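A.B. asks: Take this structure first; my questions come after.
The values are calculated or read from the model by the stated rules, or taken from the named source; none is laboratory data. Please read all numbers here as calculations on a predicted model, not as lab measurements. A quick note on method: Cβ atoms are made from the backbone with ideal geometry, for glycine too, and the neighbour counts reach across all protein chains shown.
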Amino acid sequence: NFSAEAVPQAPEDPLFGLVRAFKADQHPTKVDVSVGAYRDNTAKPWVLPVVKKVRTLLSGIGFPLAPLLHVCGHTVYAISVADEILRNDPNLDHEYAPIAGIASFTSKAAELILGSGSPAIPEKRVTSVQTISGTGAVHLGALFLSRFFTGTKKVYVSNPTWVNHNQIFSNVGIPVAQYPYFSKQTKGLDFDGMKAALAEAPERSIILLHACAHNPTGVDPTLDQWKEIATLIRQKNHFPFFDTAYQGFATGDLKKDNAAVRYFVEQGFELVIAQSFAKNFGLYGERAGCFHFVTSPAPDASETVTRVASQLAILQRSEISNPPLYGARIVSTVLNDPQLFAEWEENLRTMSGRIIEMRKVLRAKLEELGTPGTWNHITDQIGMFSFTGLTEPQVLKIREEAHVYMTKNGRISMAGLNTNNIDYFAKAVDKVVR
Ligand code: PMP
């Protein structure tokens, strides 16, 4: 019998609780390195210039085209394909998207993560569904596996992992187990521990893998290590579930950042991918994401994919009916236009480049201060986050004394650092570890 009085109070989400505390803090030199959202060098959210441009296009007023060349006194304008399409598109309305989402978005999203030359695409071994960002993609994948996966219904996630993985899988009744991932000694990959756990997991378990820029550690396997992981997964017939939330954001190179996924697909694995465009397009609140199911090469592969797509559509219908338009329209416009795509790549290099620079500066400052410990992991780690190695008491102390906000596992969002606060931040770290 349901009784509202019996509903217990749940704790506040720790991350968003921290954001709230930061906002309430009035200290003039407070630093927010908690949430995984890109900030520019003035600690402000950054709307990607390419996104701004497409936004103007989508609003129907167009934008003044940049003169490209002056030829014999005439100005020649660069008119992109997207520009032509959008200016003349009478269908830019607010009708429902198809259940599986905007096809021009999902097809390009698949190309982006699989690589445009992936044989899986022409062989019709892929089906894609637009989702509520990466979270929705992980959820749809988990829900699908909870219904149809015939192996061991247990997912192995890295220790640690993005905290939401635990609740998303347990919400659909898939128990969560962990494989070792982070070595406290080296602050790098515990590769032996990881391999041993994958070898010991029951046959045909689900293995959740971060495609690049692991959250929260910033530690990724090398390509050679990925190859060994693939061999182990094959030996045990495990099922790879890739989560990709940082393609292009990690190194600035889209092709480097999908190397692990491409390798697994090349090896003929059947697998799924949850893809987010929150970080690499700066479209956090627009919830643009995609779920991909890729099957192995087989004569009946395309029939398999058709059946899977039909079930995904039913699940999607009962969950959200139709995915949201705006973010997907922006992403689709960029991915379908070579000129805008090149601008996006440039924006990605700006974001990843600033983060890489902050890593260098932070390490140099800590080494200069003679801060106890080693700090090479700051530059060895990659992507949005760094696992500093600060302990929970140190994290609480730095928050109280220096007004520096990080999650209690000692994770910092590198994008929260900039040339104005990095000196202050390094000195605060130095003080708490002494
Ligand atoms: N997976 C990982 C590993 C992440 O770090 C994130 C973002 N924090 C996501 C998925 C999904 O985020 P979103 O739903 O905002 O796309």
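A.B. asks: So residue 293 clears everything in (1) closer than 14 Å to residue 127 by Cα; (2) within 16 Å of the ligand (Cβ to nearest atom) except one condition, right? Which one?
C.D. replies: For residue 293, the failing item is (2).
A.B. asks: Among the helices (runs of 4 or more DSSP H) confined wholly to segment 199-284, which include 2 or more residues that are of a type in the set (A, V, I, L, M)?
C.D. replies: Details: elements: 223-235, 254-257, 259-266.
By residue number, 223-235, 259-266.
A.B. asks: Kindly evaluate residue 377 against the criterion of being at pLDDT 95 or above and touching a His at 6+ places or on another chain (Cβ under 6 Å).
C.D. replies: Values: at pLDDT 95 or above: yes; touching a His at 6+ places or on another chain (Cβ under 6 Å): no.
So residue 377 does not fit the description; no.
A.B. asks: Could you tell me which residue of segment 112-141 is surrounded by the fewest Cβ atoms within 10 Å (Cβ to Cβ), considering only residues that are in a strand (DSSP E or B) and in contact with a strand residue (DSSP E or B) (Cβ under 6 Å, 6 or more places away or on another chain)?
C.D. replies: Quick first cut of segment 112-141, residues in a strand (DSSP E or B) only: 126-132.
Subsequent filtering for residues that are in contact with a strand residue (DSSP E or B) (Cβ under 6 Å, 6 or more places away or on another chain) retains 126-131.
Working: 126: 26, 127: 24, 128: 27, 129: 26, 130: 33, 131: 31.
That would be 127.
A.B. asks: Could you pull out the residue among 383, 373 that is buried (at least 18 other Cβ atoms within 10 Å of the Cβ), touching a residue at least 12 places away in the same chain (Cβ under 8 Å) and outside any helix (DSSP H, G or I)?
C.D. replies: Numbers: 373 fails: buried (at least 18 other Cβ atoms within 10 Å of the Cβ).
Answer to the check: 383.
A.B. asks: With respect to residue 366, is the statement that it is of a type in the set (A, V, I, L, M) and closer than 21 Å to residue 213 by Cα true? Walk me through it before giving the result.
C.D. replies: Working: of a type in the set (A, V, I, L, M): yes; closer than 21 Å to residue 213 by Cα: no.
Judged against the criteria, residue 366 is not a match.
A.B. asks: If I filter segment 347-369 for residues that are in a helix (DSSP H, G or I), of a type in the set (Ser, Thr, Tyr) and at pLDDT 95 or above, do I get at least one hit?
C.D. replies: In the first step, residues of segment 347-369 are kept if they are in a helix (DSSP H, G or I); the result is 347-369.
Next cut, of a type in the set (Ser, Thr, Tyr) only: 350, 352.
Filter once more, so that each one left must be at pLDDT 95 or above: 350, 352.
The answer is yes, given that some residue of segment 347-369 is in a helix (DSSP H, G or I), of a type in the set (Ser, Thr, Tyr) and at pLDDT 95 or above.
A.B. asks: I'd like the full set of residues that are more than 14 Å from residue 35 (Cβ to Cβ) and crowded, with 17+ Cβ neighbours inside 10 Å, limited to segment 398-408.
C.D. replies: Answer for segment 398-408, where residues must be more than 14 Å from residue 35 (Cβ to Cβ) and crowded, with 17+ Cβ neighbours inside 10 Å: 398, 399, 402, 403.
A.B. asks: Please identify the pairs in which a residue from segment 163-175 that is under 16 Å from residue 315 (Cα atoms) and without any contact (Cβ under 8 Å) to a residue 60 or more places away in the chain has its Cβ atom under 8 Å from the Cβ atom of a residue that is of a type outside the set (A, V, I, L, M) and away from the ligand (no atom under 16 Å from the Cβ), counting only partners at least 6 apart or on another chain.
C.D. replies: Taking only residues 6 or more apart or on different chains, the pairs are 169/175; 172/146; 173/146; 173/153.
A.B. asks: Now for a separate question. In segment 26-40, which residue that is away from the ligand (no atom under 16 Å from the Cβ) and surrounded by 14 or more Cβ atoms within 10 Å (Cβ to Cβ) is farthest from residue 421 (Cα to Cα)? Spell out how you get there, then give the answer.
C.D. replies: Residues of segment 26-40 away from the ligand (no atom under 16 Å from the Cβ): 26-31, 40.
Retained after the next criterion (residues that are surrounded by 14 or more Cβ atoms within 10 Å (Cβ to Cβ)): 30-31, 40.
Numbers: 30: 9, 31: 7, 40: 12 Å.
My answer is 40.
A.B. asks: Something else about it: Of all residues in segment 252-279, which are near the ligand (Cβ under 10 Å from one of its atoms) and either at pLDDT below 95 or out of contact with any Cys (no Cβ under 9 Å at 6 or more places or on another chain) (or both)?
C.D. replies: Those that are near the ligand (Cβ under 10 Å from one of its atoms) and either at pLDDT below 95 or out of contact with any Cys (no Cβ under 9 Å at 6 or more places or on another chain) (or both): 278, 279.
A.B. asks: So, in segment 395-417, exactly how many residues are over 22 Å from residue 219 (Cα atoms) and touching a helix residue (DSSP H, G or I) at 6+ places or on another chain (Cβ under 9 Å)?
C.D. replies: First, pick out the residues of segment 395-417 that are over 22 Å from residue 219 (Cα atoms): 396-404.
Next, from what is left, pick out any that are touching a helix residue (DSSP H, G or I) at 6+ places or on another chain (Cβ under 9 Å): 397-399, 401-404.
The number of residues fulfilling the criteria is 7.
One line per residue, one yes/no per condition, for (1) more than 12 Å from the ligand (Cβ to nearest atom); (2) among the polar types (S, T, N, Q):
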position: 139; (1), (2): no, no
position: 161; (1), (2): no, yes
position: 185; (1), (2): yes, yes
position: 192; (1), (2): yes, no
position: 196; (1), (2): yes, no
position: 200; (1), (2): yes, no
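A.B. asks: While we're looking at this one, here's another question. Residues to consider are 310, 332; find the one that is away from the ligand (no atom under 16 Å from the Cβ) and more than 23 Å from the chain's Cα centre (by Cα).
C.D. replies: On the way: 332 fails: more than 23 Å from the chain's Cα centre (by Cα).
Sole residue among the options that is away from the ligand (no atom under 16 Å from the Cβ) and more than 23 Å from the chain's Cα centre (by Cα): 310.
A.B. asks: Among the residues of segment 142-158, how many are surrounded by fewer than 16 Cβ atoms within 10 Å (Cβ to Cβ) and either within 16 Å of the ligand (Cβ to nearest atom) or in a strand (DSSP E or B) (or both)?
C.D. replies: Of the residues in that region, 0 qualify.
A.B. asks: Now for a different question. Please tell me if residue 305 is among the β-branched types (Val, Ile, Thr), over 19 Å from residue 238 (Cβ atoms), in contact (Cβ under 8 Å) with a residue 40 or more places away in the chain and crowded, with 19+ Cβ neighbours inside 10 Å.
C.D. replies: Values: among the β-branched types (Val, Ile, Thr): yes; over 19 Å from residue 238 (Cβ atoms): yes; in contact (Cβ under 8 Å) with a residue 40 or more places away in the chain: yes; crowded, with 19+ Cβ neighbours inside 10 Å: yes.
Against the criterion (among the β-branched types (Val, Ile, Thr), over 19 Å from residue 238 (Cβ atoms), in contact (Cβ under 8 Å) with a residue 40 or more places away in the chain and crowded, with 19+ Cβ neighbours inside 10 Å), residue 305 qualifies.
A.B. asks: What is the number of the single condition among (1) surrounded by 19 or more Cβ atoms within 10 Å (Cβ to Cβ); (2) without any contact (Cβ under 8 Å) to a residue 60 or more places away in the chain; (3) within 11 Å of the ligand (Cβ to nearest atom) that residue 285 does not meet?
C.D. replies: It fails just one condition, (1).
A.B. asks: Would a scan of segment 318-332 turn up a residue that is of a type in the set (D, E, K, R), assigned to a helix (DSSP H, G or I) and more than 19 Å from residue 276 (Cβ to Cβ)?
C.D. replies: First, the residues of segment 318-332 that are of a type in the set (D, E, K, R): 319, 329.
Narrowing further to those that are assigned to a helix (DSSP H, G or I): 319, 329.
Within this subset, residues satisfying the condition of being more than 19 Å from residue 276 (Cβ to Cβ) are none.
No, the conditions are met nowhere in segment 318-332.
A.B. asks: Are any residues in segment 168-187 in contact with a strand residue (DSSP E or B) (Cβ under 8 Å, 6 or more places away or on another chain), assigned to a loop (DSSP other than H, G, I, E, B) and closer than 29 Å to residue 351 by Cβ, and if so, which ones? It would help to see each step written out before you state the result.
C.D. replies: Here is the first cut: in segment 168-187, the residues in contact with a strand residue (DSSP E or B) (Cβ under 8 Å, 6 or more places away or on another chain) are 169-170, 174-183, 187.
Checking the rest, the ones that are also assigned to a loop (DSSP other than H, G, I, E, B) come to 174-175, 181, 183, 187.
The answer is 181, 183, 187.
A.B. asks: Here is a follow-up. When you look at residue 401, is it over 29 Å from residue 247 (Cα atoms) and not in a loop (DSSP other than H, G, I, E, B), yes or no? Even if it seems obvious, please write down each step before you answer.
C.D. replies: Numbers: over 29 Å from residue 247 (Cα atoms): yes; not in a loop (DSSP other than H, G, I, E, B): yes.
Taking the combined requirement at face value, the residue satisfies it.
A.B. asks: Another question, then. Could you look through segment 203-251, keep only residues that are without any contact (Cβ under 8 Å) to a residue 60 or more places away in the chain and among the polar types (S, T, N, Q), and pick out the one that is farthest from the ligand (Cβ to nearest atom)?
C.D. replies: Applying the filter and picking the extreme gives 235.
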